[in-house]
Structure formats: structure tokens, C-alpha cells
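A.B. asks: Sharing a structure here in C-alpha cells format.
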Amino acid sequence: MPARHYGFCMELRHLRYFQAVAEELSFSRAARRLHVAQPALSRAVKEVESVLGTPVLERSRHHVRLTPAGAVLLRETASLVERYEETLRRVKRTAAGEEGELRLGYIGPPTQPFLGRLLHEYRRRHPLVAVHLEERTPERVWEMVRKRRLTLGITRPVAANEKLGLKTFSLRDEPLGIVIPFSHSLSNRRHVAWQAIASEPLIVLSRREGMSLHDAVLIGCREAGFAPRLAHTPSLIGTVMTYVESGAGVGIVTDSVMSSSTALKFIPLRPQRTVPLVLVWHEDDDPPAARRFRELLLEWESAGQLWPGI
């Protein structure tokens, strides 16, 4: 709380006035530095001395000197003013999205083509924002954003997403296709009909870990008139790819996943089915750092920088 003495409240302004006089050792030079009238400086110093009960300056017609108490006050005032000014700068930076915290949840493989590059640019533009990353399943990302444990999420839609009251923005509808070794009999095709994989053992991400992708595969098979032969339903896309490389079957993934593999070939399925990738956030929990991230993400999305070459 501000120091008080006989109804007088010491303000930061009084300490700034004292600091200027103490550093200049001249009331006239301090007045010119602060662009205030010299009598105002004299009153401020007298009021500070009245509050402290001791002189802080020795002054005569020819000189101004610090007393021992004044020397201590000058050191402490300089520190106080510096902390105050840094506080104001941090508040302004936070309000502008230049400082603060960004807690980002994401699903791994679909974001690999762009997330590292995007975060590098975000850190370049906003180096004082602390970025915390959480790779989770789509359902878990939604839950953590809803509970405000994450600021933003890059994820798939989930069954109950409309009931969760979160804001979303569609980043891309990712086409489904098969992923196979180059030695597979289908590898020379530009597109593959769903019926062409009716007899193939399929490797698809488990529904628990990727409901929207898993369900899109089942719907595609059903509409093509067959029940899929699910050989494996692992919980990680990386495991899907490993099964395919081992010759265990045909994988079904989105095209963005292929950025992580050169040993396998992706061939789009026809008729095309897609799986959305969305940005999700709380409308009433939207700090400036999150808004700046969204602005950068949408800037890159509009410029086609998220999925170059896809």
C-alpha cells in the first residue's frame, strides 16, 4: 500500500520527481528533463521527506547532494520504477499477444506436414510466448480444450462436438486412400475403387483413437457393397504403416500421413471420402496469444503453406 503521512499519499510520481533531482543533482535540470515546473519538484521532494521523516537531499543555493538516506531511496526507487515499467510492458505485450502462454493440443500424423514449421514462425513472431504442446487422441483434445486445460486444439471432429459448445474452424478435408508397398499389384494405379480392396486384409486406425477416420472407412466400404476384412486396428498411425511395410495388409489413411513415409505409396480411393481436420477453441477463453496463433494458422491456410505439395 502507498505510504501515508498526515493525509499525504506517496505516489510513484513523487518518487520519479525525487529520482530525477537525485540523478541530475539539480532542480532546474530535473525540471527540464521531466517538463514540469521547478516548484512542483521542490514540493514533491519535501513531501517525500515529510513521509519518511528524514532529509533525502542536502540543498543550498549552489549545490544539491544526496544524504545517506537519499542514496538508499535512490537505489530502491530506481529498482521500483524499473519493475513498474517492466510490468506495464509485459501487460501491453500480453494484451497484444506478444507474451503469455499457448497450450496447444494436436493429433500427430495429420499435423506433421506443417505444425513444426508453423510453430517455428510463431516463435519467431512472438518469442516471449511460452508454448506447451500436448499430443493426444482427437477425443482427448476436445475434452482438454473444453476443460480449459488446453487453449487450442488441432484435431478431428468427434461425435459429441456440437454439444461441447466450442468454436471450430475447418482447416482441410483430407482425402482417404490406400497405402501399400511399391511391390503391391495395385501400386501402378492413379486411383483405386473401393471395390478393388474388398478382398484385401485392411489395416485401419482403431475407432477409439480415430473415430472419424475409422467410421469413414467403414462407410466407404459399406457404400461400395462389402464388409471390410479388418486385419489390424492399431492405436497409432505409425503402427498402421509398419503393418503395411511388413506385408500384413493394405492400410487406409489420409494423404497428409504420407509426409512421414518414403517406403510406401499412397493412392487415392474413389469415390472420394474425406476426413476433416479442425481447429477448436473456447470462445470465452481466448487469450491474445491464442488469437495470434489462429491468425498465423489462417494466414498460412489461405496462402497454401500448410500442406505444400499435397
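A.B. asks: Quick one: how many residues across the stretch 25-52 are in contact with a strand residue (DSSP E or B) (Cβ under 9 Å, 6 or more places away or on another chain) and free of Cβ contacts under 8 Å to residues at least 12 places away in the same chain?
C.D. replies: The qualifying residues number 1.
A.B. asks: Just to be sure, is E58 touching a Lys or Arg at 6+ places or on another chain (Cβ under 8 Å) and exposed (fewer than 13 other Cβ atoms within 10 Å of the Cβ)?
C.D. replies: On the way: touching a Lys or Arg at 6+ places or on another chain (Cβ under 8 Å): yes; exposed (fewer than 13 other Cβ atoms within 10 Å of the Cβ): yes.
Yes: the conditions hold for E58.
A.B. asks: Identify, by number, the condition in (1) modelled with pLDDT under 95; (2) within 21 Å of M258 (Cβ to Cβ) that E200 doesn't meet.
C.D. replies: Failing condition for E200: (1).
A.B. asks: Residues that are touching a residue at least 24 places away in the same chain (Cβ under 8 Å), part of a strand (DSSP E or B) and either β-branched (V, I, T) or more than 24 Å from T137 (Cα to Cα) (or both): does the stretch 285-303 have at least one?
C.D. replies: Checked against the condition, which is being touching a residue at least 24 places away in the same chain (Cβ under 8 Å), part of a strand (DSSP E or B) and either β-branched (V, I, T) or more than 24 Å from T137 (Cα to Cα) (or both), the stretch 285-303 yields no hits at all.
A.B. asks: Take the residues in the stretch 71-110 that are in a strand (DSSP E or B) and among the hydrophobic types (A, V, I, L, M, F, W, C); name whichever of them is modelled with the highest pLDDT.
C.D. replies: Here the residue is L104.
A.B. asks: Mind listing whichever residues of the stretch 122-139 are within 12 Å of the chain's Cα centre (by Cα) and crowded, with 18+ Cβ neighbours inside 10 Å?
C.D. replies: Residues satisfying the conditions are Y122, H126, V129.
A.B. asks: Given the residues V240, V257, V253, V244, which is the only one that is assigned to a strand (DSSP E or B) and touching a residue at least 60 places away in the same chain (Cβ under 8 Å)? Let's see the steps before the verdict.
C.D. replies: On the way: V240 fails: assigned to a strand (DSSP E or B); V257 fails: assigned to a strand (DSSP E or B); V244 fails: assigned to a strand (DSSP E or B).
Going through V240, V257, V253, V244 in turn, the sole match is V253.
The values are calculated or read from the model by the stated rules, or taken from the named source; none is laboratory data. Since the structure is predicted, the reported quantities are computational estimates derived from the model, not experimental observations. Note that we place each Cβ from the backbone using ideal geometry, even for glycine, and neighbour counts take in every protein chain shown.
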